[in-house]
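The values are calculated or read from the model by the stated rules, or taken from the named source; none is laboratory data. Remember, predicted model here, so these are calculated numbers, not experimental data. Cβ placement follows ideal geometry from the backbone for every residue including glycine, while neighbour counts extend to all protein chains displayed. In case anyone asks, the SASA skips ligands and DNA or RNA and just uses the protein heavy atoms, side chains included. Shrake-Rupley method; radii C 1.70, N 1.55, O 1.52, S 1.80 Å.
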Amino acid sequence: MTTARIRRIARRLALYVLVALLLAFFLFPVYWLIVSSFKSPVKLLQVEYWPSFSLFNYIVIAADPRFKRALYTSIAVTLGTLALTLLFGSMAAYAIGRLRFRGRRPLRTLLVWTAAFPPFVLLGGLYALLVNPCAIVGGECRQLSLYDSPLGLILTNLVLTLPLAVWFLSSYYRQLPADLEDAAYVDGATPLQAFAWIVLPVSLPGVTGVGLLTFITAWNEFLFARTLSRPGGMLTITTLIASFGFDGFGAVLTLAASVFVMIPVVLLVMVFQRQLTTGLVGYEAASEQTFGPRGGWRDRLALPRVGGAATVLLIMLGLGVLVWAQYGWRAIRFPYPLDYGEGPLLDQALRLAHGENIYRIASDAPPWTIANYPPLYMLLQAPLTRIFGAAYWYGRLISWLSTIAAALFVGLIVRTLTGDRLAALVSGLVLLVIPYVSFWSALARIDALALALSLGGLLLVVRRPERHLAIAGGALLLTAAVYTRQSYGLAAPLAAFMWLLWERPRSAWALAAGIGGISIMLFALLQWLTQDGFWFNIVTANLNDYQWPLLRQYLLESIDLLPVLIIGGATFVLLAGWFRLRSWRVIAPYWIGATVSALTIGKIGSNVNYLLEFSAALSLAIGGLLAWLRPRPLLRQSAMLVLALQVFVLVPGSRYHAFTTAVLDDPETPDQLLRVVQQANGPVLADEAMGLLPPAGRPIDMQPFEMTQLARAGVWDQTPLLEAIAQHRYAAILIFRVPGFRLERERWTDEMLQQIERSYEPADEIGLTIVYTPRGR
């Protein structure tokens, strides 16, 4: 090897080492921030080079109402600043860069000087103007104050963004060929028309690059947001993060929120880096790189062809799906109950496996249990209990796979109705990232299976309305959904019926007759087998009190959590029918039926499982909306970016995930409770810990919440239970108490709690569960 070649290799190696050191210098702090954001406060100062992947910090952040308000405020301020900067900046830059008038160059120089001022120098004047806008003319109009308001912050951000936007765009416009406007002037266009219809479309790379810089500046702005708002008033995302502090639990929240806020900027830069680099160097470079021929394997990838907005949306959805999968995998592997309702369902599956009747009418003798749902889900688990014993993993796996099937069916329905693959993909993935679905999909509950069956039946009918076999299969699946959860007899059957009524009216009535006939025969059979207990459990025991404040609470929470999905879906349902879209014939009836079903969430004891069908309706409507906007690229791209922001808010989860994640991160507490149940010398009563009884080999003797509702409705006499408690029939009673909440008052009658206090005494407190044992023992 020659000396010259050795020198070239040495120089190249030195260059690579230098580049690697620079990358490490710039990227390692970011990596360390990400790794530290997953830690607990105790482990924050411990050296760990690989993240633990516990999302608890992120879930706590997402569940904080202040974080959502601050996030929405930042989005509004950023988008408002972006819109005004591009509107006024592009027109001012066109005038300075293309039109000739006296004072043009001094004006451009003045803009540069304005951009060079340190922001804190302007704070005093901006504060005075925002508090009293009329001060500029010597007047007094404090009632028009913009202090501590998003609009005031938008206007002050223009001081930072507008000068640079005009500077960059005026340089860009100066390089445009003059014949572009000359041709427009020959046709009689005014300068404004030439700018709007000729110059602006050609200069999109420059406008996009400036828009991205404006977005980054407004999104990251802290000084104005902190100074121009009162303490305890308006918060942006940057000021909220600063309020968490850097000590204890606030430190990990600060780190998690910082990573969370960094994601949109990183994604936008990654996706629009071509426009950012070419748009700021001028028209000639932009023409060569943006409008020139594509080359290289990176440019031939399929993903960039969907457009920048679609790429951002798909990346955000991909992150959401990864979080959903990680959360579900942890839940499936967790050996203890995660929800109050998991234990009764496992107990019912065990009883069915032993040939017992789970639909008993409440009587004087135990077990005092209620089977609120039809038997299909429990029948699926019954043989698995024989093979694997009492465990929760197979019930959760059924729900998890059912959720995947439901998302697939949603996408296929949209694909069948619209022919738009991108809209179909987005609609299916959106279902997985909606917090209600992602939270419930990892639980051993019936709802995900019912949703998958109902959407599968709807898909069969939509894809093959002309085939009798598809109608028959659809009727069977829709009936199976009803006999998994009875409330699924509205949305999907209504949508299937209305679709066939448009396409093939005879098939519509055949479908209705099939569903009705099979359902009636199964109901009669179950009534006979259970000696009329099926009606009592499925209908009578489910007629809980309806609470309007509870409905209002869930309604406001849904609007706060899913504003873009709700507004976008409602827009499609209200307007698509006017344009006679084919997809509206399925999506609108499903939306109406799912909304009616969701309104039953006002029943006492309800949970977010009542909103799974409504979540599917939102996903279908969003898919229909994106497909409808396909001939309107600008509107479609804008809708995708707004939807990406919505998904960005949904990715960490919700307050429901916070409780479950806390349980997943603390397996010691349920393990201690399990040992208490196993060591008890006799039957055990429990509420939240009721799910520990089946894995411990003990049957559930009484379901507190269900029997309490029956007792308060006068359907069941609780005297035998009170006598059993007084006689110390139970070796232990486990009651879950949350400070500040009267949850035990919903699950136990006052007479039960009083009898427990008289006959039992607190022996231990494990987590939030108090263990009572008989007095005198």
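Within segment 149-170, restricting attention to residues that are more than 30 Å from R230 (Cα to Cα) and in contact with a Phe, Trp or Tyr (Cβ under 9 Å, 6 or more places away or on another chain), which residue is surrounded by the most Cβ atoms within 10 Å (Cβ to Cβ)? Give the steps one after another, and end with the answer.
First, the residues of segment 149-170 that are more than 30 Å from R230 (Cα to Cα): 166-170.
With in contact with a Phe, Trp or Tyr (Cβ under 9 Å, 6 or more places away or on another chain) added as a condition, the list becomes 166, 169-170.
Working: V166: 28, L169: 26, S170: 22.
Across segment 149-170, the extreme among qualifying residues is V166.
G279 - would you say it is out of contact with any Lys or Arg (no Cβ under 7 Å at 6 or more places or on another chain) and modelled with pLDDT under 90? Give the steps one after another, and end with the answer.
Working: out of contact with any Lys or Arg (no Cβ under 7 Å at 6 or more places or on another chain): yes; modelled with pLDDT under 90: yes.
Here the answer is yes, as G279 does meet what is asked.
Mind listing whichever residues of segment 552-569 are open to solvent by less than 30 Å² (accessible area, probe 1.4 Å) and part of a helix (DSSP H, G or I)?
Scanning segment 552-569 gives Y554, S558, L561, L565, G568, G569.
Suppose we filter V586, V564 for residues that are in contact (Cβ under 8 Å) with a residue 12 or more places away in the chain and over 24 Å from G489 (Cβ atoms); which single one remains? Explain how you work it out, then say what you get.
On the way: V586 fails: over 24 Å from G489 (Cβ atoms).
Among V586, V564, only V564 is in contact (Cβ under 8 Å) with a residue 12 or more places away in the chain and over 24 Å from G489 (Cβ atoms).
Inside segment 477-496, can you point out the residues that are open to solvent by 40 Å² or more (accessible area, probe 1.4 Å) and either over 18 Å from I446 (Cβ atoms) or of a type in the set (D, E) (or both)?
Answer for segment 477-496, where residues must be open to solvent by 40 Å² or more (accessible area, probe 1.4 Å) and either over 18 Å from I446 (Cβ atoms) or of a type in the set (D, E) (or both): just L494.
What number of residues in segment 662-713 are in a helix (DSSP H, G or I), within 13 Å of I766 (Cβ to Cβ) and among the charged types (D, E, K, R)?
Qualifying residue count for the region: 4.
Helices (runs of 4 or more DSSP H) wholly in segment 144-212 with at least 3 residues that are of a type in the set (F, W, Y) - which ones?
Numbers: elements: 150-174, 179-186, 191-194.
Counting at least 3 such residues, we get 150-174.
I'm told S507 meets every condition in (1) within 34 Å of the chain's Cα centre (by Cα); (2) at pLDDT below 95; (3) part of a helix (DSSP H, G or I) except one. Can you identify the failing condition by its number?
(1)
Determine the pairs where a residue that is in contact (Cβ under 8 Å) with a residue 40 or more places away in the chain, located within segment 546-561, has a partner that is assigned to a helix (DSSP H, G or I) and open to solvent by less than 90 Å² (accessible area, probe 1.4 Å) with Cβ atoms under 6 Å apart, the partner being 6 or more residues away or on another chain.
Going by the 6 Å Cβ cut-off, the qualifying pairs are Y546/G602; Q547/G602; L550/G602; L551/G602; Y554/I601.
If T773 passes every condition in (1) in a helix (DSSP H, G or I); (2) open to solvent by 20 Å² or more (accessible area, probe 1.4 Å) but one, which one does it miss?
Every listed condition holds for T773 apart from (1).
Of everything in segment 714-758 that's of a type in the set (G, A, S) and part of a helix (DSSP H, G or I), which residue is surrounded by the most Cβ atoms within 10 Å (Cβ to Cβ)?
At the first step, the residues of segment 714-758 found to be of a type in the set (G, A, S) are 714, 724, 726, 731-732, 740.
From what's left, part of a helix (DSSP H, G or I): 724, 726.
Values: A724: 19, A726: 13.
Per the stated criteria, the residue is A724.
Could you run through segment 216-257 and say how many residues are under 12 Å from V77 (Cβ atoms), open to solvent by 20 Å² or more (accessible area, probe 1.4 Å) and either in contact with a His (Cβ under 8 Å, 6 or more places away or on another chain) or assigned to a helix (DSSP H, G or I) (or both)?
Here the count works out to 3.
Given the criterion modelled with pLDDT under 95 and in a helix (DSSP H, G or I), identify the matching residue among L469, L429. So that I can check it myself, show each step before the final result.
Values: L429 fails: modelled with pLDDT under 95.
The conditions single out L469.
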